[in-house]
1. Write out, first by first residue and then by second, each pair whose Cβ atoms fall under 7 Å of each other, whose residues are 6+ apart or on separate chains, and whose first residue, in segment 59-76, is modelled with pLDDT of 90 or more while the second is in a helix (DSSP H, G or I) and among the β-branched types (V, I, T).
2. With the requirement that a residue be assigned to a strand (DSSP E or B) and either modelled with pLDDT under 70 or small (G, A, S) (or both), what does segment 118-162 give you?
3. For segment 1-50, enumerate the residues that are away from the ligand (no atom under 16 Å from the Cβ) and either buried (at least 16 other Cβ atoms within 10 Å of the Cβ) or within 30 Å of Y122 (Cα to Cα) (or both).
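The values are calculated or read from the model by the stated rules, or taken from the named source; none is laboratory data. As the structure is a computational prediction, the values presented were derived from the model and not from experiment. We place every Cβ from the backbone using ideal geometry, glycine too, and count neighbours over all the protein chains shown.
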Amino acid sequence: MNQIYKRAIEHWGAAAQVSMAMGEMGELTAELNRFHTQNRKDRLCNLQDEIADVQIMLNQLKMMHGQLAIEEIMEQKLARLESIIDGQQQHNHSTIEPPKNVFTYEYNEDEGLTTIFANGQYVTELVEENGDPEASMNWFAKAYSMTNFALEYQHPNNTTEA
Ligand SMILES: [Mg+2]
């Protein structure tokens, strides 16, 4: 994979790839705004596309600006993030809100893919490494309510195996 990023930088030049990165980050910002702020759930595919674009550009930026140093910084930041989360969990005694929306899922055992629905509407797909779709459901519902998303978690009431 690194080889492709290196070839892209050699082919178009670092300056062009930096411009491209800035453009792609702008496009991702616009799609995040549509999907989350404007609640445009029909834009999920567009959002996924822009996340992919930015990730590809980020990988090139890493190559151009010191990949090893950046990875070391990331490790430090992730360790710090973990310790902040661990510290906050010890002090978090918040009560669970009554659920409003119903999450359901379909599980494709062959692909380990959990498709998540909110009130019957498709929301997203998650890959569950441990083959436990309920873990995906729990992770998803928790993550979304933590970001003050419109959806709240209730027990899944639907399992379908492909
Ligand atoms: Mg793009």
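1. Note: pairs meeting the criteria are Q60/I9; K62/I70; M63/I9; M64/I9.
2. A118, E161
3. Y5, I9, H36, T37, Q38, N39, R40, K41, D42
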